[in-house]
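The values are calculated or read from the model by the stated rules, or taken from the named source; none is laboratory data. What you are looking at is a predicted structure, and each value in this text was computed from that prediction instead of being measured. Glycine gets a Cβ as well: all are built from the backbone with ideal geometry, and neighbour counts include every protein chain shown. Only protein heavy atoms, including side chains, enter the accessible area calculation; ligands, DNA and RNA are left aside. Shrake-Rupley method; radii C 1.70, N 1.55, O 1.52, S 1.80 Å.
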Amino acid sequence: SSLTSVTIPNSVTTIDYQAFENCSSLTSVIMGNSVSYIGAFVFSGCSSLTSVTIPNSVATIEYGTFADCSGLKSLTVEWLNPLNVGDLYVDASKITLYVPAGTKALYQNAPEWKDFGNIVEEGEPAGGTDIKDVATPDISVYPNPTAGVVNITNANGAEVKVYNLNGALLHRTRENRVDLSGEPSGIYLLRVGDETVKVVKK
């Protein structure tokens, strides 16, 4: 009941039945992009959980995943085609569902997702955005270059997104850190609100 945050690394493929049930202090879950299966009632009773991002690697979500998650306000999914899921046991009318750009109509017509009260499309970084090699005084990103974890200051609760140079969305979080240790060496674009910063992974 004292567990507050969980980061699931890219080596994990399955989160099984009731894994985090009744972790009532859990506020943050960051899932690696390798997770393909989320079992029944995995986050049941996590009443402090306010937002969850489910990567597009997930192919199966069993029923009751978010049962009794009374604090859940936002759910971000990354499938271009709505996944057929079991009953999530949520009051969908009170939760904002964030979906990939151009897919809102698909989710509005999908039986498992149409009941969400607010469905919002997430956009890609705008073309022509100034990309800064160093952080502005408002946003600080360190260490840069990094061997893995990147810390962000002054994000003011804005959503943090990480893209590769091909424009593919790799990570999305509202935490003040992003773990790139599972990504290959190279250059990544870290977007915080309207700011985009170039991050080098060693």
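Bridges between two residues of the chain, per DSSP, are antiparallel at a rate of about 50%.
Going down the list Lys114/Lys198; Lys161/Lys202; Lys104/Lys161; Lys94/Lys202; Lys114/Lys201; Lys73/Lys202, which pairs span over 30 Å between their C-alpha atoms? Over 30 Å Cα-Cα: Lys114/Lys198; Lys94/Lys202; Lys114/Lys201; Lys73/Lys202. Here the simple spin-label model places points 7 Å from the Cα toward Cβ, and for Asp87 and Lys198 these points are separated by 5.2 nm. Here the accessible area of region 1-118 is 47 percent carbon and sulfur, with a 1.4 angstrom probe and all protein chains present.
Per-residue 3J(HN,Hα) values for region 175-189, derived from phi via the Karplus relation 6.51 cos²θ - 1.76 cosθ + 1.60 with θ = phi - 60°, read 7, 9, 8, 9, 9, 9, 4, x, 9, x, 4, x, 9, 10, 10 Hz in sequence order (x marks Gly and Pro). Charge tally for Gly86 (other residues, Cβ to Cβ under 11 Å; Lys, Arg +1; Asp, Glu -1): -3. Take the chain with all the other protein chains still there, run a 1.4 Å probe, and you get 48 Å² of accessible area per residue. Counting only DSSP H runs of at least 4 residues, each contributing -39500 (n - 2.57), and dividing by the residue count of the chain, the helix-based mean residue ellipticity at 222 nm comes to -500 deg cm²/dmol. Considering only Gly102, Asn166, Gly45, and ranking their Cα positions along the charge dipole of the chain that arises from unit charges at the beta-carbon of Lys, Arg, Asp and Glu, the one farthest toward the positive end is Asn166. In terms of the mean number of neighbouring beta-carbon atoms within 10 Å, the peptides 180-191, 156-167 order highest first as 180-191, 156-167.
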